[in-house]
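**Q** Dropping the structure in here first, questions after.
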Amino acid sequence: MMETHLHDYLTMLRMERNLSPLSIEAYKHDITDYLEYLEKKDLNYLHDISQKHIRGYMRLLNNNNKSSATISRYFSAIRGYHLFLSMEGILKENPSLQLESPRQPKKLPNVLSENDVDTIIENIDIWGDDLGKRDKAIIEILYSCGLRVTELCNLSLSDILSDDDLIRVFGKGSKERYVPLMGKAKKAIKDYLKKIRPGLVRKRKISNVFLSRNGRPLTRIGINKIINSRIDWMINKESTVNGEVKKIEKPKRKNGRYTIVTIIIDNDFMKGRKDYSYKKMKDGKWIYFHEEKIFYKRKINVKKTQQVKVGTVLSDDGVQLPEKIHPHIFRHSFATHLLQSGKADLRFIQVMLGHSDISSTQIYTHLDKRTLMKTYKKFHPRA
């Protein structure tokens, strides 16, 4: 009985507020949980709900160790639902009207340095598979154009305006904006569309730009898995083995950063082998990128030490990356690097990111930790 008007509310969100299916599903989930809580309290009618019941539900979420961001999201959904009911005349009074939204600490977004981004993109090509060109184009677009992951997934062939050096993007609420497509990003996506996508789409009529190995449009989860797998390939611990048994220690982090190493196979080890997991480089060396046989990868359950017999040589000159890298970090980095260049104002970045409120863009005015430390050490007399 309590859920009678939920369908009408979700329809309003879709028709009038033009919310995405993912947002509507999130509203449905949060409000359904709330209504189930009320029913357990023997509240079968909406007009019986008071501020006390809403506060009680917020306390329950807190006791269940929900994060402040999650509790705030639940409260926003509940308040919006009650506002809809009162505006429709279903409720005479809105019980959430006098309640304040739970405060949550504002966290500065994590960003990559320009060197970090270059390292990730440059190391994608070492795997030798064709999908490397697709994945390189994905990261180039995320970083060079500042797209949200959902916007990237929804990108259509007709949105790539190569002649005008632009991408047409449909953001939250289907708001349209245009973002420059130039330089390395344009080259990467052109390379992917010409050489890789035709083999993925085959004879299907699919307009989405980025496709999976099976020729289906990539999803947010798919993009996240792609980036995680590419980063995982770069995370190893240096060790030198040449056909000998040697203990391989589990990688250790230093200041939350891993080390990237290049994996090389000697020619003797490759004699008579026909394996897609190897690729011969211009200098005559072989690169090995098969995950299951590698001395350390996350999918292998390495506890303390493990003995492995392989014919590999690892370089010691590793490159470091932050511990946690997610697709949205490229959007954060895009905005931060534009601001730090001193050549882009906040209003320009707001338009590029598709923010309706400039306060959402102002968070990027922070200095990232590395810039902060560098400036401090350079100018403070006691540093």
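**Q** If I take every Cα pair under 8 Å that is 6 or more residues apart in segment 1-93, average their sequence separation and divide by the length, what percent do I get for the relative contact order?
**A** 32
**Q** Along each of its three principal axes, how wide is the spread of alpha-carbon positions in segment 34-159, in whole angstrom units, largest first?
**A** 63, 35, 24
**Q** For Leu211, Leu108, which order do you get if you count the other beta carbons within 10 Å of each Cβ and list the fewest first?
**A** Neighbour counts put them in this order, fewest first: Leu108, Leu211.
**Q** At a 10 Å Cβ-Cβ cut-off, how would you order Met373, Met58, Met12, fewest neighbours first?
**A** Listing Met373, Met58, Met12 from fewest to most nearby Cβ atoms yields Met373, Met12, Met58.
**Q** Tell me the volume per residue, in Å³, of the convex hull enclosing the alpha carbons of segment 6-87.
**A** 93
**Q** Mark the label point 7 Å from the Cα of Asp118 along Cα→Cβ and return the residues of segment 132-149 whose backbone N is within less than 20 Å of it.
**A** 136-146
**Q** Express in nm, to one decimal, how much length is gained between Asp163 and Thr70 on full extension, taking 0.36 nm for each residue of separation and deducting their alpha carbon distance.
**A** Full extension from Asp163 to Thr70 adds 29.1 nm.
**Q** Using the count of nearby Cβ atoms within 10 Å as a rough guide to exposure, how do Thr4, Thr375, Thr119, Thr336 rank from fewest to most?
**A** Ranking Thr4, Thr375, Thr119, Thr336 by Cβ neighbours within 10 Å, fewest first, gives Thr4, Thr375, Thr119, Thr336.
**Q** Also, quick follow-up: Going down the list Lys28/Lys52; Lys172/Lys225; Lys28/Lys190; Lys187/Lys343; Lys41/Lys107, which pairs span over 29 Å between their C-alpha atoms?
**A** Values: Lys28/Lys52 22 Å; Lys172/Lys225 23 Å; Lys28/Lys190 40 Å; Lys187/Lys343 24 Å; Lys41/Lys107 36 Å.
From the list (Lys28/Lys52; Lys172/Lys225; Lys28/Lys190; Lys187/Lys343; Lys41/Lys107), the Cα-Cα distance tops 29 Å for Lys28/Lys190; Lys41/Lys107.
**Q** Let me ask something else about it. Spelling out what I want: for every residue of segment 72-86, take phi, set θ = phi - 60°, compute 6.51 cos²θ - 1.76 cosθ + 1.60 (Karplus), and round to whole Hz; glycine and proline get x.
**A** Computed from phi, the couplings for segment 72-86 are 4, 5, 4, 5, 4, 5, 5, 5, x, 5, 5, 4, 4, 5, 6 Hz.
The numbers here are math on the coordinates, done by the rules we state, and not lab data. Fair warning: this is a prediction, and the values are worked out from it, not measured in the lab. Counting neighbours? That spans all protein chains shown, and the Cβs are built from the backbone with ideal geometry, glycine included.
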